[in-house]
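Reviewing the structure listed below.
The values are calculated or read from the model by the stated rules, or taken from the named source; none is laboratory data. Computed from a predicted structure; not experimentally measured. Cβ atoms come from the backbone with ideal geometry, glycine included; neighbour counts cover every protein chain shown.
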Amino acid sequence: MIEVQEGQNLRITITGYRTAYSCYGTVSSLNGEPEQGVAVEAVGQKDCSIYGEDTVTDEEGKFRLRGLLPGCAYHVQLKAEGNDHIERALPHHRVVEVGNNDIDDVNIIVFRQINQFDLSGNVITSSEYLPTLWVKLYKSENLDNPIQTVSLGQSLFFHFPPLLRDGENYVVLLDSTLPRSQFDYVLPQVSFTAVGYHKHITLIFNPTRKLPEQDIAQGSYVALPLTLLLLLAGYNHDKLIPLLLQLTSRLQGVRALGQAASDNGSEDAKRQVKKQKTRRT
């Protein structure tokens with residue numbers, strides 16, 4: 001304490017010693033635009049873990065962290081609270097060690113939260129079916145009304161307009177205009193949740209052509225009697241085998257008689273020719 005008498009002039013020398021320092025830096029987007037209103041903090045490490053400071057960037061994206069103690073190391077990073085519009089920072093934190101000077105140029109790049117979800121996919125099928133195919137997108141709680149529909153045209157790949165990254169459940173369904181009367185096929189579908197930023201799905205469409213009804217009917221008419229005959233033969237094989245042997249022997253007898261008649265006819269024809277020659281002479 002200094003006492004000053006009335007009318008007395010004193011010259012006093014005061015010497016100050018800094019006990020804390022500041023950290024200066026900027027927060028900007030990837031294209032260099034300043035980010036205003038971003039909460040930044042300095043978190044003490046190791047023996048200085050009980051110390052910490054925080055601040056908010058100004059309209060130029062600049063910040064100043066005050067009260068950093070010499071001899072301490074800090075992580076300068078974005079605060080977990082108050083930065084809902086920011087997805088992530090690059091780098092996640094900057095390490096600064098405080099000496100006997102202020103620290104400059106501690107710059108951080110941030111990426112804003114992207115609130116959209118991209119949906120793409122491809123179809124595995126023959127190119128001849130592509131003009132008949134449509135890909136439809138439904139919300140899982142309403143499978144009657146599609147919210148988006150895209151036509152494949154001549155491409156095996158498709159892409160929907162961006163969706164909201166809302167965590168909702170969706171269903172992608174492949175639809176076709178191929179007539180059911182001529183083709184058999186199953187329409188594939190895939191369920192997913194709009195979490196993250198992108199989803200790619202694959203749908204398989206493999207139709208088979210039906211046989212004409214006439215061919216089916218003819219095949220049925222022929223197959224049914226044959227099946228019945230085979231069943232009868234299986235159940236009555238003990239009676240059928242002797243009958244077949246008897247029928248075979250009879251056929252051989254008939255063939256032998258026919259052969260004998262043919263031989264006799266040939267002999268008669270030869271005799272007639274000889275008689276005609278004798279008469280002429």
Kindly state which strands (runs of 3 or more DSSP E) lie completely within the stretch 1-112 and contain at least 1 residues that are among the β-branched types (Val, Ile, Thr) and either free of Cβ contacts under 8 Å to residues at least 60 places away in the same chain or loosely packed, with under 12 Cβ neighbours inside 10 Å (or both). 39-44, 52-56, 73-78, 86-90, 93-97
Considering Leu163, Leu174, Leu178, which residue is more than 21 Å from Val195 (Cβ to Cβ) and buried (at least 17 other Cβ atoms within 10 Å of the Cβ)? Leu174
Qualifying residue in the stretch 122-134 (condition: at pLDDT 95 or above and either more than 28 Å from Lys210 (Cβ to Cβ) or more than 20 Å from the chain's Cα centre (by Cα) (or both)): no
For the stretch 115-135, name all the residues that are in contact (Cβ under 8 Å) with a residue 60 or more places away in the chain and either in contact with a Cys (Cβ under 6 Å, 6 or more places away or on another chain) or acidic (Asp, Glu) (or both). Asp118
Note down all Cβ pairs under 8 Å where the first residue falls in the stretch 153-174 and is under 15 Å from Leu137 (Cα atoms), the second is outside any strand (DSSP E or B) and acidic (Asp, Glu), and they're at least six residues apart or on different chains. Asn169/Glu141
Quick check on my filter: what residues within the stretch 42-77 are closer than 20 Å to Asn100 by Cα and under 40 Å from the mean Cα position of the chain (by Cα)? His75, Val76
Matching residues, the stretch 1-33, being closer than 21 Å to Asp102 by Cβ, within 60 Å of the chain's Cα centre (by Cα) and not hydrophobic (A, V, I, L, M, F, W, C): Thr19, Tyr21, Ser22, Tyr24, Gly25, Thr26, Ser28
Hey, could you check the stretch 158-213 for residues that are farther than 27 Å from Gln113 by Cβ and among the aliphatic types (A, V, I, L, M) and say which is farthest from the chain's Cα centre (by Cα)? Leu211
